[in-house]
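What follows is a short report on a single structure.
The values are calculated or read from the model by the stated rules, or taken from the named source; none is laboratory data. Just so we're clear, the structure is a prediction, and the values are computed from it rather than from any experiment. Methodologically, a virtual Cβ is constructed for each residue, glycine included, from the backbone with ideal geometry; neighbour enumeration extends over all protein chains shown. When the accessible area is computed, the model is the full protein with side chains, heavy atoms only, and any ligands, DNA or RNA have been set aside. Shrake-Rupley method; radii C 1.70, N 1.55, O 1.52, S 1.80 Å.
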Amino acid sequence: MAEQMIKLPQGAWFAEQDIEISFPADWQVNRCDSPADSMEQVTEEEIRRAFASPVGCLPLRELAVGKKEVCIIFDDISRGTRVEQLVPFVLEELAAAGIQDQQIRFICALGMHGAHTLDILAKKLGRDIVARFPVFNHNPYENCQHLGQTSRGTPVAVNAEVMKCDLKIGIGCITPHPFNGFGGGGKILFPGVCGVETILGNHILSATALMGAGLNPVDGLGRFEGNIMRQEMEEVCQMAGLDMVVSALVNSRCQTVGLVVGAPIAAHYAGVETARRIYATPFRPGADIVVANANFKACEAYIALLFALKSLKPGGDAVVITHTPLGQIPHYLLGAFGRFIGGKLWSPNRAAMLAGAGRIIVYSPYRYYADEEWFGGYGRVQWAASWAEVRQLLQQGHQAGTVVNVFTDGTIQFYGAEE
């Protein structure tokens, strides 16, 4: 019998390519795709239609008339959103309203992620944009304007440069999110360009609500109704005056397969209706091995690992694939900054979330020892620079009939109905 071969997209932002992984012919291999990967990319005509008929508000060329200062907030390198593809349409709308280049600035919605260099910003926006407009990193520790507090008592502080602008536009993507149900929409502002106390307060509130309901972050993926983080996001966006969002729906190749443009809340709800359908993946529990590809959010590959583990039987083996020279994103809220210290929500017991797995194998040509802390703890991870190395490890202890679940991109999938 022939070997079983699967191609997976890898190398987002850098050496984009398909990699090939293989399994013995007598293993049962389940390819766990989502419908997004069978969709066509949006056309220029479809993008223009979305801008011409936004959800819940006037077209941008009308909203922008008479505005003095404009900020365009965009998501960071931890997301594969092709912002460069969408920016020209935003600028075209602004130009139609008489907005001049000197009225515009771009702000990277880092939240609590590490700041970006010119090269990384250019990957997101394109070289011509960083040469033509000022592009800034968000700093959650300084220069945030206090706006009061939410109805749940979370203090609200937003990037002061954003608040100086009378037209605020966000560009991001709608994908499953552990706390928010689905990211995108107003999340580009909150937590994207909020202060540390705002981000911390909301994350504590969201985590407490999940735990109180007996859920973990994986259970939060796609959980939209009654979601506290989403509700606070909407409240803060109204307080800060976010005017419009441009939200892509994507596939595992970081291609735009859908687009919603409009008022932050209304457009997000419209986009989530599509997201529920295109990111849903059948739940196949009890696998002996799970393979979690991470391409769209390669810098947050631990999301794919946590997602895949839910379908792994106790003691089974987990493989996460992430081919990014950036490693895992510096995270000032959740990350470690030493063996004994970390962000305000970092836990030295994070490995407990992965305790049910046997071996954890990271398939990456970019070995970075410090990243082991994200994947189960120092010394827990086995690194492999090639699939041949992974195969050798997996075939130790697994026989004919081994059940394998392969997730095309576990960073942008959520579980639908059980098969």
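One residue alone among GLY184, GLY201, GLY220, GLY170 is among the small types (Gly, Ala, Ser), within 16 Å of the chain's Cα centre (by Cα) and more than 30 Å from LEU94 (Cβ to Cβ), and that residue is GLY220.
Residue count for the range 117-134 under the criterion of being over 16 Å from ARG79 (Cα atoms), open to solvent by less than 50 Å² (accessible area, probe 1.4 Å) and not aliphatic (A, V, I, L, M): the result is 1. Kindly establish whether THR208 is open to solvent by 10 Å² or more (accessible area, probe 1.4 Å) and either under 18 Å from the mean Cα position of the chain (by Cα) or more than 30 Å from ARG61 (Cα to Cα) (or both). So THR208 fits the description; yes. One residue stands out in the range 1-24 among those that are out of contact with any strand residue (DSSP E or B) (no Cβ under 8 Å at 6 or more places or on another chain) and within 22 Å of GLY80 (Cα to Cα): the one that is surrounded by the fewest Cβ atoms within 10 Å (Cβ to Cβ), namely ALA15. On the stretch given as the range 34-52, residues that are within 22 Å of GLY222 (Cβ to Cβ) and either among the aliphatic types (A, V, I, L, M) or exposed (fewer than 13 other Cβ atoms within 10 Å of the Cβ) (or both) total 3. Scanning the range 293-310 for residues that are in a helix (DSSP H, G or I) and not β-branched (Val, Ile, Thr) yields ALA298, CYS299, GLU300, TYR302, ALA304, LEU305, LEU306, PHE307, ALA308, LEU309.
For ARG277, the conditions (1) part of a helix (DSSP H, G or I); (2) in contact with a helix residue (DSSP H, G or I) (Cβ under 8 Å, 6 or more places away or on another chain); (3) surrounded by 24 or more Cβ atoms within 10 Å (Cβ to Cβ) are fulfilled apart from (3). In summary, HIS398 fulfils each of the numbered conditions (1) assigned to a loop (DSSP other than H, G, I, E, B); (2) open to solvent by 40 Å² or more (accessible area, probe 1.4 Å); (3) not aliphatic (A, V, I, L, M) with the single exception of condition (2). Here the range 313-337 is the region considered, the condition is being open to solvent by 10 Å² or more (accessible area, probe 1.4 Å) and without any contact (Cβ under 8 Å) to a residue 40 or more places away in the chain, and the residue that is farthest from ILE77 (Cα to Cα) is LYS313.
Among the residues that make up the range 94-103, is at least one of them on the phi > 0 side of the Ramachandran plot and surrounded by fewer than 22 Cβ atoms within 10 Å (Cβ to Cβ)? Yes: one or more hits.
Inside the range 154-182, residues that are among the aliphatic types (A, V, I, L, M) and open to solvent by 10 Å² or more (accessible area, probe 1.4 Å) make up a count of 2. Pairing residues of the range 76-105 that are of a type in the set (Phe, Trp, Tyr) with residues that are open to solvent by less than 10 Å² (accessible area, probe 1.4 Å), at Cβ distances under 9 Å and at least 6 apart in sequence or on separate chains, gives PHE89/ILE47; PHE89/PHE51; PHE89/LEU60; PHE89/VAL246; PHE89/VAL261. A single member of ASP166, ASP128, ASP119 is acidic (Asp, Glu) and over 26 Å from LYS67 (Cα atoms), and it is ASP119. Can you find a residue that is of a type in the set (Asp, Glu), open to solvent by 50 Å² or more (accessible area, probe 1.4 Å) and farther than 29 Å from TRP13 by Cβ anywhere in the range 53-74? Looking through the range 53-74, at least one residue is of a type in the set (Asp, Glu), open to solvent by 50 Å² or more (accessible area, probe 1.4 Å) and farther than 29 Å from TRP13 by Cβ. Confirm whether LEU309 is open to solvent by less than 20 Å² (accessible area, probe 1.4 Å) and in contact with a helix residue (DSSP H, G or I) (Cβ under 8 Å, 6 or more places away or on another chain). The answer is no for LEU309.
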